[in-house]
Amino acid sequence: MTTVKPLLKTPISYYGGKQMMLRHILPKIPEHHTYCEPFFGGGALFWGKAPSSFEVVNDINNRLISFYKVLKYDIDELQRLINETFHSRQQHRETAQEYQSGEAEIRDALRMAWSIWVQTNMSFSCVIDGGFGYDRKGSTALKIYNKKKMLTDAYQERLKRVTIESYDVLKVMKAYDSPETFFYLDPPYVTSDQGAYKGYTLDDFRNLLEACLKMQGKFLLSSYPEPILMDYRDRFGWKSEDIKKTLAVDGRRAQKKEKTECLTWNY
């Protein structure tokens, strides 16, 4: 397998992110004109790949989209707030309250973006509104320090020509579909903890697979080995690769556990 080194790391360590899967995904990106990522989240693949001629990213979480808009248009002020932030349970609690306050309406995009950065980088397992992440040896505080240094103007530059949407996934796919479009699809996993995207159902996943059948473009889908996915693979001849991963021990799980990440594509 050809090794492709990621160009940038995601600025936020998002729950369910694909940073550790990039070595499997990057070499599979086909030739395309338009890149569309309807379930953007932390955007590990977007940040890691080379820019495309036209790019669209979408996420139904308006608060998350506000982070990317601030990153695109007001990175200096965001950098200032982040540089003034320390690894602190109190600030973690403060930003959790800020995040929840924006559920109905975002009043201050800059503070919301700051809250997103703190919550994704300082929460246990990177879960927004999760517990405060720490350890007894100082490695977590060092990780936060390195994350601060990583947030450079390169991220603003990368977003300059990108279209940012916060819209229904299937409608976004229909709007940007063409023979020259490549979709990377990383939906919430229907049989897993969905974090901030709780409520994504098997019917939603089925509708996504049906949209994949009808599209003109190319897609690569990340998922767990759901029976419905195995059925679509077999019936429609989609290509696939399944990768076994070991989940680290966390506060809810005393022993390591294996999972299978399924990559499925139509080209």
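The values are calculated or read from the model by the stated rules, or taken from the named source; none is laboratory data. Just so it is clear, the structure is predicted and the values come from calculations on it, not from any experiment. Methodologically, a virtual Cβ is constructed for each residue, glycine included, from the backbone with ideal geometry; neighbour enumeration extends over all protein chains shown.
Annotations
- If you go through the stretch 68-101 and pick out every residue that is touching a helix residue (DSSP H, G or I) at 6+ places or on another chain (Cβ under 7 Å) and either outside the structural domain of K147 (by TED's automatic domain parsing) or closer than 26 Å to D153 by Cβ (or both), you end up with 18.
- In the condition set (1) touching a helix residue (DSSP H, G or I) at 6+ places or on another chain (Cβ under 9 Å); (2) over 22 Å from Q119 (Cα atoms); (3) buried (at least 19 other Cβ atoms within 10 Å of the Cβ); (4) touching a residue at least 60 places away in the same chain (Cβ under 8 Å), T163 is compliant with all but (3).
- Flag if T120 is modelled with pLDDT of 95 or more and not in a loop (DSSP other than H, G, I, E, B): no
- Checking each residue in the stretch 167-211 for being more than 30 Å from S125 (Cα to Cα), more than 20 Å from the chain's Cα centre (by Cα) and assigned to a helix (DSSP H, G or I) picks out K174, A175, E210, A211.
- Scanning the stretch 2-41 for residues that are closer than 26 Å to K147 by Cβ and among the basic types (K, R) yields K5, K9, K18, R23.
- Taken together, Y68, Y99 contain a single residue that is touching a strand residue (DSSP E or B) at 6+ places or on another chain (Cβ under 7 Å) and under 21 Å from F39 (Cα atoms), which is Y68.
- Filtering the stretch 218-245 to residues that are surrounded by 11 or more Cβ atoms within 10 Å (Cβ to Cβ), assigned to a loop (DSSP other than H, G, I, E, B) and not aromatic (F, W, Y) leaves P225, E226.
- Leading residue by the ranking (nearest to I65 (Cα to Cα)) among those in the stretch 89-109 that are exposed (fewer than 15 other Cβ atoms within 10 Å of the Cβ) and within 20 Å of the chain's Cα centre (by Cα): E103
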